[in-house]
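Visitor: Handing you this structure, nothing more for now.
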Amino acid sequence: MQLIVLEVSLFSLWICCVKTRVSLAKKQINTGFIIDEEDKSSERAYRLGVELLQMDKNTITIKDFLNKTNIADSYSFTKSICLLLMETIFSIVTAADVRSYDAIESYSQAMHVPVIIYNDVRKLLKPNYKYLLHIAPPHLKAVVDFIKLHKWRTAFYLHVENDPLWPWRVSEIFTLTNASDKINIIQRHLGKLNDSYEQLRILDKMALSHTEKIFILDILDRPTLQLILKQITELGMNREGYNYIIGGMDIQEVELKSFEHGGARITGFQLVDKNGYKSKVLIPWEKRTKSEIKKGIKAPPFEMKDIFLLDSFCFLQQGFEKINRESPDLVRTRTGIHYNTNSSKEIVCHKHKFLERGPKILEFLKNTSAPCLSGNVQFDKNGYRTKYNFDVHSLYKKKLKKIGNWSSETGYNKDVIDALKKKPKEHKGPYVVTLVVEAPFVINKTDKNGKEVFEGFCIDMFNKLANSSQLQLDYVIRKRNDTKYGAWNKKTKSWDGMISELIEGEADIALGSISITEEREHVVDFTKPFMNTGISIMIKRPDKQKPNILSFKEPFSNSMWICIMCGFAGVSLVLVLIGRFSPYEWQNNSNTGPSEDFSVLNSLWSSFGALLQQGSDFLPSSISGRIAECAWWFFTLIIVSSYTANLAAFLTVEKLNIPINSADDLAKQSKIKYGISKGGSTEKFFSTSNVSVYKQMWEFMEATSQTAFVNGNLDGWNKVLEGKGEYAFLLESTSNDYRNQQKPCKTMKVGHNLNQYGIGIATKQGSELSRKLNLALLEIIEKGELINLKQRWWYDKGQCGQSTASVGKKSLSLSNVAGTFHIVIGGLVIAMIFSALEFLFHHKKNQRKQSKVIKTNLITDLTDIGHVNMERKNDETKPLKSPNINGANDNKGHPCLCRGMLTVFKEQNNSYQTTTTSPANLIMFDSITENGSTML
């Protein structure tokens, strides 16, 4: 008997163990997954979902069946559904397309299989199709509620034409705005995504008549949205008065930096907090396989549809857990296999077999509430998400930040309403103005009573602003002890300078040469720029180069002078040839051949006289000669006029030998060192620039930091003065222009500005002062007072004068025209030398000629005397032949004995001596020419 009891006890224990073992075994629920064959992101999310399910310790296991197909092809899509149904699946998770949506509706309804659609595709509510569960919540209800909250009456709804779902969403937004709301929705689609400028301009003109310009950008594809936002910024539609509502549920993923300074207001919605559940899946999402690492494939962006696909795993897991707890018969198996009926374990599409347990499973799923990545996943009776929340984010002159949330049940919460109705607190007492002393913007002095007072461009400007009709401001000034405007310190993770005072509330306004930068704009508000500036280069002014004695030739280059000389010689040669070959130049001497008017020397003289515009005694008679002369005269007219026009500039301007002219010149050399001021916008520009030249300059300055960096612009200016031309300083062009006008007037600005930015007045973020200061600033700009202030502080009070302008007349010094004096003196000396040479040459020539004539006359006289003696011997009583009455001998070439001449012949030692005397008025004839004329 005891043995039987023991056996029964052992059998009962075995039965309990078997039951316990069976109860501990996990039940597998067959689930089908359909993803698009080209969608790599969804495939990655599917793998991640399977991996996360395997880590869970639940009693239900989702057994997945994957089918990749073309979801846009209705035939392929329905084929995939039928293949999955043959596995006795309890639900399907799929993406949908506008072309396959009807097929999903039909098959899910006919086969009684619940289908979860994880991408944002849906039609208007259709109760006839109850088996579709849309896990992506609709966002247009939040958009319409936001418009109603502001009581806007007109809004432009923009979408892109390549979005196949836009007709459904347009229909949805018109349904949500009923006639009682009195909201006018103007729907427009943007055709050319890369060039939508013209369509956006038309919309901008249409919105001009409205005080508030409202644009709904319902573009769910984020790359397309970024492209449209870029075009909006380029058209200037990101300024004050424009309001943009971004569709979708991931506003934190949109790049909005270009809107942070323009004044437009951006509003968007966020379903999943980046710092919440989403961060838990980012690490495994970005983890790549070995093949992906080998091929260099990066993880695709984590999109909203991927979150919803992961939430489908999460929801089904918890939904079937609920079914297993409350109605385990719905998920029972036989020998581990699910059966649809007692006779079949599959669903065949063409035999019209449906899932018998489908309606009950659908009812359980619709009554399930599961906390997942996108929040609480719950569906209403029509299969749409319910009881979901959006975080509301807004951007206005600052970074995007959360201002509240929106609930599908209650709408916008009190935080959003308060943010819209929030008014600035009234300021009590005078405003505190902090400033940095930097001439000419702010200059501090001591008055007669020893009290510190301030003056300068910014002080005068702010006095005008404070007393304008737009502001009427009461303020006190507080000077900083350092010269820091404000920069972000990476080590201390805090701001310094005047910016820190505004952030910490120690001051209300920061005044001075404060550059408007992106980094500063994030933490403070700036007015519109009252002055534009940029980084420029300051160097020591080189010594002026004195003009040399040949400076008069500088209006023309050496090659030009050579060409003029060649032209001079060429024209002279042509005139010589024309004088020789043209018969019309022989008129004055036709019997003996070509005239000597255009000999080589005469031709050179004629051309030179025309070149100096003085003319000549020799003018051509032939047509060819006149043509040559006219061409030369026209040439000399242009040459002399051009020379005269340029001569004044070359003689009056003293040249500077500037060693560098740009940043490229600085970067290419190492002799001249250069540097910047510490902790300012200039340092930020070089340290973050992606331009190769500026990066090279920054590396050089870091390597020579001990000599490159200075404390303030004043130290940099002094270092340039002491650097003997071997140090250049980079600073704002406004400060550069001012310092160059101060004594000792030995610095100068070279080259163009390296960048361009504005200088403004900074206020606390969100302060109403910024708007009032803008209006007051525009008022004094329109009156021209700002220009007068700049003229006063930069030039009227300058100590060096406006060197770049022509003020008065400048007299020429001897050094400017010394070369011309040298030419005159040299010409006179050469002329005297040639004159002496000519006299000596001519005198020597006459001596030779006279000696020859005397010798000839002597021989003739001796011959005549011999004839006389012979006659005396023959007839001693015959008188001498009396001379011709005109004093000329009939024999040509012989000297004559003139009247009154007395010749005495004396015979001495068989020789004759002739003594000739004549009165004072006696005319002597040197010779008689061949044609009978006489020559004196």
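Visitor: Starting from residues that are surrounded by 13 or more Cβ atoms within 10 Å (Cβ to Cβ) and of a type in the set (Val, Ile, Thr), keep the ones in the stretch 768-819 and report whichever is modelled with the lowest pLDDT.
Guide: Checked the stretch 768-819; the qualifying residue modelled with the lowest pLDDT is VAL817.
Visitor: Every residue in the stretch 279-330 that is of a type in the set (Lys, Arg) and part of a helix (DSSP H, G or I), please.
Guide: LYS280, LYS290, LYS294, LYS295, LYS305, LYS322, ARG325
Visitor: Against the condition free of Cβ contacts under 8 Å to residues at least 60 places away in the same chain, more than 26 Å from THR69 (Cβ to Cβ) and open to solvent by 30 Å² or more (accessible area, probe 1.4 Å), how does LYS151 come out, does it pass?
Guide: yes
Visitor: Contact list please: Cβ distance under 6 Å, first residue in the stretch 246-265 and touching a residue at least 40 places away in the same chain (Cβ under 8 Å) and open to solvent by less than 20 Å² (accessible area, probe 1.4 Å), second residue assigned to a strand (DSSP E or B) and charged (D, E, K, R), pairs at least six apart or on different chains.
Guide: Pairs that qualify, where the first residue is touching a residue at least 40 places away in the same chain (Cβ under 8 Å) and open to solvent by less than 20 Å² (accessible area, probe 1.4 Å) and the partner is assigned to a strand (DSSP E or B) and charged (D, E, K, R), are GLY263/ARG239.
Visitor: For the stretch 151-163, name all the residues that are of a type outside the set (Lys, Arg), touching a strand residue (DSSP E or B) at 6+ places or on another chain (Cβ under 9 Å) and not in a strand (DSSP E or B).
Guide: The answer is TRP152, GLU161, ASP163.
Visitor: With the requirement that a residue be part of a helix (DSSP H, G or I) and touching a helix residue (DSSP H, G or I) at 6+ places or on another chain (Cβ under 9 Å), what does the stretch 176-203 give you?
Guide: The answer is LEU176, ASP181, TYR197, LEU200.
Visitor: Return the residue satisfying two criteria in turn: it lies in the stretch 168-198 and is of a type in the set (Ser, Thr, Tyr) and modelled with pLDDT of 80 or more, and of such residues it is nearest to THR233 (Cα to Cα).
Guide: Restricting to residues being of a type in the set (Ser, Thr, Tyr) and modelled with pLDDT of 80 or more, the top hit is TYR197.
Visitor: Looking only at residues in the stretch 344-358 that are open to solvent by less than 70 Å² (accessible area, probe 1.4 Å) and farther than 17 Å from ILE29 by Cβ, which one is modelled with the lowest pLDDT?
Guide: Restricting to residues being open to solvent by less than 70 Å² (accessible area, probe 1.4 Å) and farther than 17 Å from ILE29 by Cβ, the top hit is SER344.
Visitor: A further question on this structure: Can you say whether ALA96 is under 49 Å from the mean Cα position of the chain (by Cα), free of Cβ contacts under 8 Å to residues at least 40 places away in the same chain and open to solvent by less than 10 Å² (accessible area, probe 1.4 Å), as far as the supplied structure shows?
Guide: Yes; evaluated as a whole, the condition is true for this residue.
Visitor: Name the single residue, out of those in the stretch 602-633 being of a type in the set (A, V, I, L, M) and part of a helix (DSSP H, G or I), that is most open to solvent (accessible area, probe 1.4 Å).
Guide: Applying the first criterion (of a type in the set (A, V, I, L, M)) to the stretch 602-633 yields 604, 610-612, 619, 623, 627-628, 631.
Then keep just the ones that are part of a helix (DSSP H, G or I); that gives 604, 610-611, 623, 627-628, 631.
On the way: LEU604: 63, ALA610: 9, LEU611: 22, ILE623: 133, ILE627: 111, ALA628: 23, ALA631: 64 Å².
For the stretch 602-633, the residue satisfying everything is ILE623.
Visitor: Give THR368, THR410, THR335 a once-over and let me know the one that is of a type outside the set (Lys, Arg), at pLDDT 85 or above and open to solvent by 50 Å² or more (accessible area, probe 1.4 Å).
Guide: Values: THR368 fails: open to solvent by 50 Å² or more (accessible area, probe 1.4 Å); THR335 fails: at pLDDT 85 or above.
It is THR410.
Visitor: Still on this structure, I have one more. Of the residues GLY375, GLY450, only one is open to solvent by 50 Å² or more (accessible area, probe 1.4 Å) and farther than 27 Å from LEU775 by Cβ; which?
Guide: Answer to the check: GLY450.
Visitor: For VAL433, which of the numbered conditions (1) within 15 Å of ALA507 (Cβ to Cβ); (2) modelled with pLDDT under 80 fails to hold?
Guide: Going through (1) within 15 Å of ALA507 (Cβ to Cβ); (2) modelled with pLDDT under 80 one by one, VAL433 breaks only (2).
Visitor: Hey, another quick one. Scan the stretch 89-100 and tell me whether some residue there is touching a Lys or Arg at 6+ places or on another chain (Cβ under 6 Å) and under 29 Å from SER407 (Cβ atoms).
Guide: No: the stretch 89-100 contains no residue that is touching a Lys or Arg at 6+ places or on another chain (Cβ under 6 Å) and under 29 Å from SER407 (Cβ atoms).
Visitor: Anything in the stretch 48-63 that is open to solvent by less than 50 Å² (accessible area, probe 1.4 Å) and either modelled with pLDDT under 80 or under 17 Å from ILE92 (Cα atoms) (or both)? List them, or say none.
Guide: Across the stretch 48-63, the qualifying residues are GLY49, VAL50, LEU53, ILE60, THR61, ILE62.
Visitor: Looking only at the stretch 467-503, count how many residues are touching a helix residue (DSSP H, G or I) at 6+ places or on another chain (Cβ under 8 Å) and either open to solvent by less than 20 Å² (accessible area, probe 1.4 Å) or aromatic (Phe, Trp, Tyr) (or both).
Guide: 7
Visitor: Looking at the stretch 120-134, is at least one residue surrounded by 17 or more Cβ atoms within 10 Å (Cβ to Cβ) and within 23 Å of LEU229 (Cβ to Cβ)?
Guide: Yes, the stretch 120-134 contains a residue that is surrounded by 17 or more Cβ atoms within 10 Å (Cβ to Cβ) and within 23 Å of LEU229 (Cβ to Cβ).
Visitor: Let me ask something else about it. Given the conditions (1) in a loop (DSSP other than H, G, I, E, B); (2) aliphatic (A, V, I, L, M); (3) at pLDDT 85 or above, and given that VAL98 satisfies all but one, which numbered condition is not satisfied?
Guide: Evaluating VAL98 over (1) in a loop (DSSP other than H, G, I, E, B); (2) aliphatic (A, V, I, L, M); (3) at pLDDT 85 or above leaves (3) as the failure.
Visitor: Being surrounded by 15 or more Cβ atoms within 10 Å (Cβ to Cβ) and in a helix (DSSP H, G or I), is that true of even one residue in the stretch 748-767?
Guide: No, every residue in the stretch 748-767 fails to be surrounded by 15 or more Cβ atoms within 10 Å (Cβ to Cβ) and in a helix (DSSP H, G or I).
Visitor: While we're looking at this one, here's another question. Please determine whether any residue of the stretch 164-175 is of a type in the set (A, V, I, L, M), in contact with a helix residue (DSSP H, G or I) (Cβ under 8 Å, 6 or more places away or on another chain) and not in a helix (DSSP H, G or I).
Guide: Scanning the stretch 164-175 turns up no residue that is of a type in the set (A, V, I, L, M), in contact with a helix residue (DSSP H, G or I) (Cβ under 8 Å, 6 or more places away or on another chain) and not in a helix (DSSP H, G or I).
Visitor: So which pairs qualify, if the first residue must be in the stretch 559-583 and farther than 15 Å from ALA628 by Cα, the second must be open to solvent by 30 Å² or more (accessible area, probe 1.4 Å) and part of a helix (DSSP H, G or I), the Cβ gap must be under 7 Å, and the two must be at least 6 apart or on different chains?
Guide: TRP561/LYS553
Visitor: So TYR396 ticks every box in (1) open to solvent by less than 30 Å² (accessible area, probe 1.4 Å); (2) of a type outside the set (S, T, N, Q); (3) touching a residue at least 60 places away in the same chain (Cβ under 8 Å) but one. Which box is left unticked?
Guide: So TYR396 meets the others, but not (1).
The values are calculated or read from the model by the stated rules, or taken from the named source; none is laboratory data. Being a predicted model, the structure only gives us computed values, none of them experimental. Please note: Cβ atoms are built from the backbone with ideal geometry, for glycine as well, and neighbour counts cover all protein chains shown. Accessible surface is based on the protein model in full, side chains and every heavy atom, while ligands, DNA and RNA are left aside. Shrake-Rupley method; radii C 1.70, N 1.55, O 1.52, S 1.80 Å.
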